[in-house]
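Q: Provided herewith is a single structure, encoded as structure tokens, for subsequent inquiry.
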Amino acid sequence: MKVNSDTNKEFHRLVAENAMDALIVCDEKLNLIYSSPATERIFGYTQNDVEGHSAFEFFHPEDLSAHKTRLEMLLNGKEFPSIEFRIKKKNGEYLWSEVSAKATQTTGGDRIIVVEARDITERKKAEEELRYSQKRFKQAQEVAHIGVWDWTVQKDILSWSEEVYKVFGFGADTVPSVEKFLERVHPDDLEFVKKSIDDALKGKPYDIDMRIIRIDGKTVWANATGEVEYDSEGKPFRFFGMFQDITERKKTDAALRESEGRYRAITESMADTMIEANLSGRITYINHIMPGLTREQVLESTVFDFVPPDQRTVVKNALEGVFKRGEVTSYESLGPGPNGKSRIYEVRVSPIYAGGQVISAVFLARDITERKELQEQLRKYSENLEELVAQRNVELNKTKEYLEQLIGRLPLALVAWDKEFKIKTWNPEATQMFGFSEQEALGRSPEDLFSPSQGSSIVNTIWNQLLKDGNANVIGENMTKDGKTIICTWTNMLLKDGNGNLEGVLSMIRDVTEKMKLEERLKEIAYSLSGVKGGESYLSGSVQNCLKIVFDLKSHGVKSLCIVRENPDSLVKDYSFEPENIVLLSKKPIKEYKAITDLQDVAITITKFLKNNG
């Protein structure tokens with residue numbers, strides 16, 4: 001279509017008003033004269049908004065200096081390619097724009113600048129995102145030691161990313177080639193790598209590990225993956241992929257294998273049975289093969305297959321506790337054992353974590369059959385022992401009662417003292433002897449029982465002798481509650497606990513007051529018989545011994561005594577004397593007998609009898 005001069009203006013107006021890009025006309029000072037409708041659509045300004053305003057008002061402050069330089073270039077007749085800078089929108093935001101400008105003259109000779117501006121904000125965002133992605137990709141390659149390679153097979157052109165250069169140790173000026181790559185492959189891996197490349201070009205997967213000898217002589221491990229693109233004829237056209245330094249991973253794998261082997265050796269040498277199972281109870285590992293089963297059979301089974309039916313709910317609850325709540329559970333259960341016999345197991349179920357999630361459960365089963373049998377034996381033994389102890393306690397109680405009765409009949413006061421020499425035990429005979437009740441006696445000291453003249457000295461004597469010999473025997477004057485003086489013999493011994501530690505002193509006390517009086521009377525009788533003071537020493541041994549017998553009889557409770565000359569047994573039989581109340585003495589056979597009730601008279605009578613009869 002031809003545009004004549006009459007329609008020329010209308011034509012240009014239509015072009016300007018319908019253009020996709022903003023068209024702006026400025027004078028030589030860069031004041032805005034005209035803006036197309038696209039200006040309002042892109043930047044939000046109408047013709048009235050911008051007319052008369054300087055274009056510098058709409059530029060980003062950081063770009064002002066560069067725009068002034070460009071204006072001078074335009075006014076001097078120089079052109080420059082399109083540039084990108086920021087223009088402020090009506091709402092105050094800055095919009096990236098691609099701008100081209102040209103200086104010209106109107107028909108009237110006025111110099112103007114025609115500007116074309118295109119919104120490239122989305123493109124700038126995409127470019128920024130691309131730069132960011134490329135930067136992140138490069139960082140990821142550096143961190144993961146991953147490089148990218150691209151081989152145009154038919155033209156034999158190979159390109160490497162920066163990280164591939166680093167893996168080989170090549171400088172940036174090295175021209176990549178398949179030959180250079182193969183030169184750095186470890187000799188022991190070379191044939192494997194070549195075959196893998198040939199297989200990949202024929203359609204097989206390409207994912208291999210190899211050793212690379214770097215330029216500096218260091219050997220590293222690398223993983224290569226790739227895929228092939230084919231042309232329309234089905235021939236390999238492009239082979240590209242990734243190349244990664246996996247040296248540290250290989251070291252980690254080796255360490256893990258060593259660790260796994262070590263722990264496997266430990267678990268397989270354990271006496272306990274260890275089973276790993278999933279949520280459904282399927283066994284994935286066992287350290288000991290169960291009797292009569294192969295490993296394959298066990299790994300095809302579940303933990304429920306090896307417990308009695310009534311125990312399966314317990315096992316199910318343990319599995320749910322492990323996988324749902326991370327709980328550790330313990331229980332006892334029957335299970336298979338040697339020779340087909342059931343055994344008792346103590347089972348502990350624990351979780352195994354990976355990435356913060358429970359991935360399996362470990363059953364650690366310990367055979368406690370012998371322990372249970374021993375516990376049962378101990379229970380039975382304990383029951384028997386309790387029965388024996390009960391029987392023994394009955395016997396001991398009987399013995400205790402007998403001893404208490406026996407001791408109660410002894411004419412002895414029994415007094416136990418603590419380590420401070422304070423009374424802690426006081427028997428009834430002591431009450432009868434001293435007059436103090438048990439309540440009155442407890443806590444008293446020895447001085448309360450001895451006469452004032454003997455108290456402290458005799459206690460020291462007893463204590464020193466106890467420490468030296470372990471026992472002490474003394475005779476002394478004692479005081480009763482009512483102030484009466486009695487003569488007592490004291491037999492004392494140390495009291496110790498089962499470990500030999502001193503607990504106190506036990507005193508056995510006998511009242512010998514009457515005996516002492518009889519001995520004094522004997523001396524008087526002896527004096528009257530001899531007529532000489534101290535003449536008792538001249539009495540015959542028979543008299544002395546006989547008198548001693550009389551005194552001993554008194555102390556043993558004999559209340560009366562008869563002296564007979566013949567057939568003494570008939571005396572008891574004919575006159576029914578109680579045995580404990582009679583003592584039969586015979587020197588020579590005589591017919592008559594005489595009963596005597598006063599022992600002091602007995603002493604005189606016996607003495608005369610023995611002296612007259614020889």
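Q: Under 6 Å between Cβ atoms, at least 6 apart or on separate chains: pull out the pairs that start in segment 92-113 with a residue that is free of Cβ contacts under 8 Å to residues at least 60 places away in the same chain and in the same structural domain as T39 (by TED's automatic domain parsing) and end on any residue that is assigned to a loop (DSSP other than H, G, I, E, B) and surrounded by 11 or more Cβ atoms within 10 Å (Cβ to Cβ).
A: Y94/H60; L95/K89; W96/I120; E98/S82; E98/I120; S100/S82
Q: Is it the case that segment 445-453 has a residue that's assigned to a helix (DSSP H, G or I), in contact with a helix residue (DSSP H, G or I) (Cβ under 9 Å, 6 or more places away or on another chain), under 27 Å from M516 (Cα atoms) and aliphatic (A, V, I, L, M)? Steps first, please.
A: At the first step, the residues of segment 445-453 found to be assigned to a helix (DSSP H, G or I) are 446-448.
With in contact with a helix residue (DSSP H, G or I) (Cβ under 9 Å, 6 or more places away or on another chain) added as a condition, the list becomes 446-448.
Cutting the leftovers down to under 27 Å from M516 (Cα atoms) gives us 446-448.
If we keep only those that are aliphatic (A, V, I, L, M) too, we end up with none.
Within segment 445-453 (the criterion being assigned to a helix (DSSP H, G or I), in contact with a helix residue (DSSP H, G or I) (Cβ under 9 Å, 6 or more places away or on another chain), under 27 Å from M516 (Cα atoms) and aliphatic (A, V, I, L, M)), the answer is no, since none of the residues qualifies.
Q: Looking only at residues in segment 428-449 that are touching a residue at least 40 places away in the same chain (Cβ under 8 Å) and touching a strand residue (DSSP E or B) at 6+ places or on another chain (Cβ under 6 Å), which one is farthest from A413 (Cα to Cα)? Before you say what the answer is, go through the steps one by one.
A: Kept after step one, since they are touching a residue at least 40 places away in the same chain (Cβ under 8 Å), are these residues of segment 428-449: 430, 433-436, 440.
Still in the list and also touching a strand residue (DSSP E or B) at 6+ places or on another chain (Cβ under 6 Å): 430, 433.
Numbers: A430: 4, M433: 7 Å.
Selected residue: M433.
Q: Taking segment 320-343 as the search range and keeping residues that are of a type outside the set (G, A, S) and closer than 13 Å to L364 by Cα, which one is surrounded by the most Cβ atoms within 10 Å (Cβ to Cβ)?
A: It comes out as T329.
Q: Go through the residues of segment 93-110 one by one and say whether even a single one is aromatic (F, W, Y), loosely packed, with under 14 Cβ neighbours inside 10 Å and either over 20 Å from D27 (Cα atoms) or at pLDDT below 80 (or both).
A: Looking through segment 93-110, none of the residues is aromatic (F, W, Y), loosely packed, with under 14 Cβ neighbours inside 10 Å and either over 20 Å from D27 (Cα atoms) or at pLDDT below 80 (or both).
Q: Take N317 and decide whether it is out of contact with any helix residue (DSSP H, G or I) (no Cβ under 6 Å at 6 or more places or on another chain) and at pLDDT below 85.
A: Considered against the rule, which asks whether it is out of contact with any helix residue (DSSP H, G or I) (no Cβ under 6 Å at 6 or more places or on another chain) and at pLDDT below 85, N317 comes out as no.
Q: Oh, and also: May I ask you to list the residues in segment 364-404 that are acidic (D, E) and modelled with pLDDT of 80 or more?
A: Within segment 364-404, D367, E370, E373, E376, E383, E386, E387, E395 qualify.
Q: Continuing with the same structure: Which condition number does G483 fail, the rest of (1) over 21 Å from V505 (Cβ atoms); (2) part of a helix (DSSP H, G or I); (3) not hydrophobic (A, V, I, L, M, F, W, C) being met?
A: (2)
Q: Just to verify a result, which residue in segment 483-500, among those that are exposed (fewer than 14 other Cβ atoms within 10 Å of the Cβ) and over 21 Å from F434 (Cα atoms), is modelled with the lowest pLDDT? Break it down stepwise before answering.
A: Our first condition is that a residue be exposed (fewer than 14 other Cβ atoms within 10 Å of the Cβ); within segment 483-500, this holds for 483-485, 496-500.
If we keep only those that are over 21 Å from F434 (Cα atoms) too, we end up with 496-500.
Working: K496: 85, D497: 82, G498: 77, N499: 84, G500: 84.
Of everything passing the filter in segment 483-500, G498 is modelled with the lowest pLDDT.
Q: Taking helices (runs of 4 or more DSSP H) that fall entirely within segment 17-87, which contain at least 2 residues that are in the same structural domain as V114 (by TED's automatic domain parsing) and at pLDDT 85 or above?
A: Here the list reads 37-43, 47-50.
Q: If you take the residues of segment 354-381 that are hydroxyl-bearing (S, T, Y) and in contact with a strand residue (DSSP E or B) (Cβ under 7 Å, 6 or more places away or on another chain), which of them is nearest to G337 (Cα to Cα)? Spell out how you get there, then give the answer.
A: Here is the first cut: in segment 354-381, the ones hydroxyl-bearing (S, T, Y) are 360, 369, 381.
Imposing the further condition that a residue be in contact with a strand residue (DSSP E or B) (Cβ under 7 Å, 6 or more places away or on another chain) reduces the set to 360, 369.
Values: S360: 25, T369: 10 Å.
Ranking the candidates gives T369 first.
Q: Continuing with this model, one more query. Search segment 501-518 for residues being assigned to a strand (DSSP E or B) and aliphatic (A, V, I, L, M), and hand back the single one that is surrounded by the fewest Cβ atoms within 10 Å (Cβ to Cβ).
A: Among them, the one singled out is L502.
Q: Looking for something farther than 18 Å from M270 by Cα and modelled with pLDDT of 85 or more - is there at least one such residue anywhere in segment 334-351?
A: yes
Q: If F323 meets every condition in (1) within 25 Å of the chain's Cα centre (by Cα); (2) part of a strand (DSSP E or B) apart from one, which number is that one?
A: Answer for F323: the failing condition is (2).
Q: Show me the strands (runs of 3 or more DSSP E) entirely contained within segment 328-367 in which 3 or more residues are within 23 Å of the chain's Cα centre (by Cα) and within 13 Å of A277 (Cα to Cα).
A: Of the strands (runs of 3 or more DSSP E) lying wholly inside segment 328-367, those with at least 3 residues that are within 23 Å of the chain's Cα centre (by Cα) and within 13 Å of A277 (Cα to Cα) span 342-354, 357-367.
The values are calculated or read from the model by the stated rules, or taken from the named source; none is laboratory data. Keep in mind that this is a model prediction, so the values were computed, not measured. Glycine also receives a Cβ, built like all others from the backbone with ideal geometry; neighbour counts cover every protein chain displayed.
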